[in-house]
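Undergrad: Pasting in a structure now, in structure tokens, and then I'll have a few things to ask.
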Amino acid sequence: MGTSCCHSSPALPHSFFALNLKNCLSLSSPKASTRGVHQIRALNVKVMQEDMVMNIPHVLSVAGSDSGAGAGIQADLKACASRGVYCSTVITAVTAQNTAGVQGVHTVPEEFVAKQLKSVLSDMDVDVVKTGMLPSINIVKVLCQSLKQFPVRALVVDPVMVSTSGDVLAGPSILDIFREQLLPMADIVTPNLKEASALLGGLQLKTVDDMCSAVKSIHDIGPRNVLLKGGDLPASLDAVDVFFDGENIFELCFPRIKTQNTHGTGCTLASCIAAELAKGSPMLSAVKVAKRYVQTALDYSKDIVIGNGIQGPFDHLFKLKSIALNSFRQWAFDPSVLFLYAVTDSGMNKRWGRSITDAVEAAIQGGATIVQLREKDIETGEFLEAAKACLKICHLHGVPVLINDRVDVALACDADGVHVGQSDMPARMARTLLGPEKIIGVSCKTPEQARQAWIDGADYIGCGGVYPTNTKANNRTIGLEGLKTVCLASKLPVVAIGGIGVSNARSVMELDLPNVKGVAVVSALFNRECVLAETRKLRTVLREKPAGRK
Ligand SMILES: Cc1ncc(COP(=O)(O)OP(=O)(O)O)c(N)n1
Ligand SMILES: Cc1ncsc1CCOP(=O)(O)O
Ligand SMILES: [Mg+2]
């Protein structure tokens, strides 16, 4: 019994994360053109530590300086630092600015902007360029030329035109060059309502419906993705941003935080998107993490007082005060990790005489892409120690570890996230406790639950039981039809669960539902003599091409 029945071979390298200390060099990919970034894996500044090479993702901010340090280059530096990303800078203008407004602007000559761009881009491996204040047509031109000469993996354009205080930072004469040159090179553009209206020739934007048409019109100008920020929409309880990836529109709703300290939110959001992209996150995940980060920072800073003006800065580095700094994980959630989702069960491990760590190690060797520790009947202390040991093993292979039900245990061991059900801690509360970047999964059996999971800030849905199961008592089976119904209503990626194993996993995948990213399995892996062999078999089945497809 136990895993000794199997001869474990070295695990295949898992490449789900941007920062995988062992694998990071092999993840490096040659630079793509400025357009076309989805998975950015290679990270740059190399820090030699004994035999370990650590790559740090790198954003170059091309923006103006804000002497009050709430927005502009200063905000970008703080946002990137807070997200664990290196940030170099090219300064396009120096503004005399405080919480009352902008008192003066000194534009940097374009030749000197070009010089700064060359200095950075010719020497450092920049992953993502983020632009802010671009105060002259010629500065936009030299930027576009530099990006053609030194392509990077992604371009994030915050089309800054007017400061939050209402001062003009780039006049309407800039619009043509934005439309003709810069936006067509952008992977994402993040206008607010006024900027979107200016880009669309003065079109009025008053409702979420107006925003939904506007993102399509802006997309037609050329950027691959558009995030239209609706913070200035006439007062409603929630702030709604609209994201369009060229195919689907997503309304991203967040409760409005009552605070005066909103100066620099636009710069911070764009920098944070750039930082997440530099770490390797897919675009929608990057946008969602960035939104949550800004939201958390605003909430944390709502009562701070800096300056005497009407609009104060907020604290980007709130995490330094509340969270231990020993967290090594810096990656963002990539839905493809749901592919082969191994869920442990203490009862099964006891029955087969193996420890949780042995079981997890074997599942990883067999190809599990994410692990959930579902330990219903062990003491908290024992659970915590086992979780820490599993995290060590899993992180060596770039595999994330989620904790079932126990947000306290996840916090204590700095796990990668949690999975909660409908009667567990609500996902929204778990998100508040865990912060913006941890992975949160929610069990859903109905379209309504799926919609709520999205609103609550979940990253994925666990949907089932798809087939009857003995692992979870009194669990209603929803069948393939139920899975389909939830998937069609869900904006989130979905993992199917319940009675799934080698014999039926393909039937789930062959439903061909675009948001079903994989299967979550307990007994077919862990209630077996050899966890490694069973996991491997399941991986082979999942990888099989559907009949009739080449
Ligand atoms: C991936 C995944 N999906 C669903 C569940 C079930 O969670 P829940 O409904 O909270 O039930 P318990 O697992 O806590 O019994 C899951 N664990 N994982
Ligand atoms: C936890 C859970 N949630 C819905 S079904 C289920 C049990 C899945 O276990 P198994 O893979 O053994 O059917
Ligand atoms: Mg639960």
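The values are calculated or read from the model by the stated rules, or taken from the named source; none is laboratory data. What you are looking at is a predicted structure, and each value in this text was computed from that prediction instead of being measured. Please note: Cβ atoms are built from the backbone with ideal geometry, for glycine as well, and neighbour counts cover all protein chains shown. The accessibility values were calculated without ligands, DNA or RNA, using every heavy atom of the protein model including side chains. Shrake-Rupley method; radii C 1.70, N 1.55, O 1.52, S 1.80 Å.
Undergrad: For the chain, build the charge dipole from Cβ charges (+1 Lys, Arg; -1 Asp, Glu) around the Cα centre, then report which of Thr95, Leu511, Val409 sits farthest towards its positive end.
TA: Leu511
Undergrad: Next up: Would any residue of the range 391-408 have its amide N under 16 Å from a label point 7 Å out along Cα→Cβ of Lys376? List them or say none.
TA: 404-406
Undergrad: Once the piece of chain linking Ala81 and Ala100 is laid out straight, how much longer is it, given 0.36 nm per residue of separation minus the C-alpha distance between them?
TA: 4.2 nm
Undergrad: With a cut-off of at most 11 other beta carbons within 10 Å, and DSSP calling the residue loop, which trypsin sites (Lys or Arg not before Pro) in the range 185-217 qualify? Please list them.
TA: Lys206
Undergrad: Note down the nm distance, to one decimal, between modelled labels 7 Å out along Cα→Cβ at Thr259 and at Lys216.
TA: That separation, rounded to one decimal, is 3.6 nm.
Undergrad: Considering the range 100-185, what Rg and Dmax in Å follow from its alpha-carbon atoms?
TA: In order Rg, Dmax, the Cα atoms of the range 100-185 give 13.3, 40 Å.
Undergrad: Shifting gears a bit: Counting other Cβ atoms within 10 Å, which trypsin sites (Lys or Arg not before Pro) in the range 141-175 have at most 14 and lie in a DSSP loop?
TA: Answer by residue number: there is no such site.
Undergrad: Related question: At q = 0.11 Å⁻¹, what log₁₀ I(q)/I(0) does the chain have when each alpha carbon counts as one equal point scatterer in the Debye sum?
TA: Reported log10 I(q)/I(0), two decimals: -0.98.
Undergrad: Report the FRET efficiency, 1/(1 + (r/R0)^6), for Asp512 and Asp238, where r is their Cβ-Cβ distance and R0 is 30 Å, rounded to 0.05.
TA: My answer for the efficiency is 0.30.
Undergrad: Continuing with this model, one more query. Please report the Cα spread of the range 169-275 along all three principal axes, rounded to whole Å, starting with the longest.
TA: On the principal axes, the range 169-275 reaches 38, 30, 29 Å in Cα extent.
Undergrad: How much length would be gained if the chain were fully extended between Glu111 and Asp176, taking 0.36 nm per residue of separation minus their Cα-Cα distance, in nm to one decimal?
TA: 21.3 nm
Undergrad: Which distance in Å, rounded to a whole number, links the C-alpha centroids of the range 243-260 and the range 376-442?
TA: So the two Cα centres are separated by 27 Å.
Undergrad: Hey, another quick one. Write down Rg/Rh for the range 410-490, rounded to two decimals, with Rg from the C-alpha atoms and Rh from the Kirkwood relation over Cα pairs.
TA: Expressed as Rg/Rh, it is 1.00.
Undergrad: Another question, if that's okay. Quote to one decimal, in nm, the extra length available between Glu251 and Lys148 on full extension: 0.36 nm per residue of separation minus the C-alpha distance between them.
TA: Answer, rounded to one decimal: 33.8 nm.
Undergrad: From the alpha carbon gyration tensor of the range 326-543, can you work out the equivalent ellipsoid semi-axes (sqrt of 5 times each eigenvalue) and give them in Å, largest to smallest?
TA: 23, 21, 16
Undergrad: Express the accessible area of the chain per residue in Å², computed with a 1.4 Å probe while the remaining protein chains stay in the model.
TA: Here the residues of the chain average 41 Å² of exposed surface.
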